[in-house]
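The values are calculated or read from the model by the stated rules, or taken from the named source; none is laboratory data. Worth saying up front: this structure is predicted, and the values here are computed from it rather than measured. FYI the Cβ positions are ideal-geometry reconstructions off the backbone, even for glycines, and counts take in every protein chain you see.
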């Protein structure tokens, strides 16, 4: 395993590249405390060999892993959960109550993901989902505390990206593992001064701007030293990044609003979001070619546009 595939921070936190789609796009985090371990998110089925290799590199036995902490069950975060749990004899999956049944009976989850991505992309990225025995799944309540080797990890229900989203507050590290609720910040977008660039993820089907604003504020209120994003890993300066996220949640809706209900709305919104984020990246001082920028923005912008349209359709049905 290349050295760059595992990054180790203080407090026994290791970021492991899951190699989902491309390098440094998707991270699983391994927390190690007093000889006990927990994964936070696990990537897709194809990611699991990388996580097991990381355990070997770090000299952590598979029997020492007590938990798989899922922030939510979107398949770039949890698609490999069943496959991973087969290898971890003592582990329990921690998940939001809304997500628990989909882990033991994944057919509906697979169908929804196929509807979003299409069959060809689904097969390429995810493959067959492995069910997890219900007795190995623990639905976590809001503010419930999970103990790992004497450390306290607090479960925070944080909807806005998905109704079944959980962030995990690591009290020892004063850090939060935020899944997707605190946005996306790829390291290739850092400017030469090392300052991160962040933007929200409004993917289908449960994006809700009011919930997202509230969840972002809930994380900020903890005054964490850092947050660990699945896409991609540790960022500090949390309060500044939260300001950017709040602004862009509203800005994404402003950008999309003129196109709602029009022919090819998703395509038009994708182009508009891409142009907006490209301008932000240029202002931020990110050093990359237009082609590199397109490569890194394309998938997220496509999903964000689809999520904005789905949100608009949902609010119209309920108004």
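Listed here are the residues, each with its yes/no results for (1) over 23 Å from the mean Cα position of the chain (by Cα); (2) assigned to a helix (DSSP H, G or I); (3) in contact (Cβ under 8 Å) with a residue 40 or more places away in the chain.
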site: 240; (1), (2), (3): no, yes, no
site: 243; (1), (2), (3): no, yes, no
site: 248; (1), (2), (3): no, yes, yes
site: 254; (1), (2), (3): yes, yes, no
site: 262; (1), (2), (3): yes, no, no
site: 267; (1), (2), (3): yes, yes, no
site: 272; (1), (2), (3): yes, yes, no
site: 275; (1), (2), (3): yes, yes, no
site: 286; (1), (2), (3): no, no, yes
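For region 106-122, give me each residue that is assigned to a loop (DSSP other than H, G, I, E, B) and closer than 16 Å to residue 44 by Cα. First the steps, then the outcome.
In the first step, residues of region 106-122 are kept if they are assigned to a loop (DSSP other than H, G, I, E, B); the result is 106, 118.
Residue satisfying the conditions is 106 alone.
Residue by residue through region 140-157, note down the ones that are surrounded by fewer than 19 Cβ atoms within 10 Å (Cβ to Cβ) and in a strand (DSSP E or B).
Of all residues in region 140-157, those surrounded by fewer than 19 Cβ atoms within 10 Å (Cβ to Cβ) come to 141-147, 149-150, 152, 154.
Matches in region 140-157: 145, 146, 147, 152, 154.
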Checking the structure you have, find out if any residue of region 182-204 is in a loop (DSSP other than H, G, I, E, B) and at pLDDT below 95. yes
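Just one of 29, 14 is under 26 Å from residue 296 (Cα atoms), in contact with a strand residue (DSSP E or B) (Cβ under 6 Å, 6 or more places away or on another chain) and buried (at least 24 other Cβ atoms within 10 Å of the Cβ); which is it? Even if it seems obvious, please write down each step before you answer.
Values: 14 fails: buried (at least 24 other Cβ atoms within 10 Å of the Cβ).
None of the others qualify; the one that does is 29.
Rundown of residues vs (1) in the same structural domain as residue 76 (by TED's automatic domain parsing); (2) surrounded by 13 or more Cβ atoms within 10 Å (Cβ to Cβ); (3) at pLDDT below 95, yes/no style:
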site: 209; (1), (2), (3): yes, yes, no
site: 212; (1), (2), (3): yes, yes, no
site: 216; (1), (2), (3): yes, yes, no
site: 223; (1), (2), (3): yes, no, no
site: 227; (1), (2), (3): yes, yes, no
site: 230; (1), (2), (3): yes, yes, no
site: 254; (1), (2), (3): no, no, no
site: 259; (1), (2), (3): no, yes, no
Residue by residue through region 38-63, note down the ones that are touching a strand residue (DSSP E or B) at 6+ places or on another chain (Cβ under 8 Å), surrounded by fewer than 17 Cβ atoms within 10 Å (Cβ to Cβ) and part of a helix (DSSP H, G or I). 57
State whether the residues of region 297-305 include one that is surrounded by fewer than 20 Cβ atoms within 10 Å (Cβ to Cβ), in contact with a helix residue (DSSP H, G or I) (Cβ under 7 Å, 6 or more places away or on another chain) and either in the same structural domain as residue 169 (by TED's automatic domain parsing) or more than 30 Å from residue 142 (Cα to Cα) (or both). yes
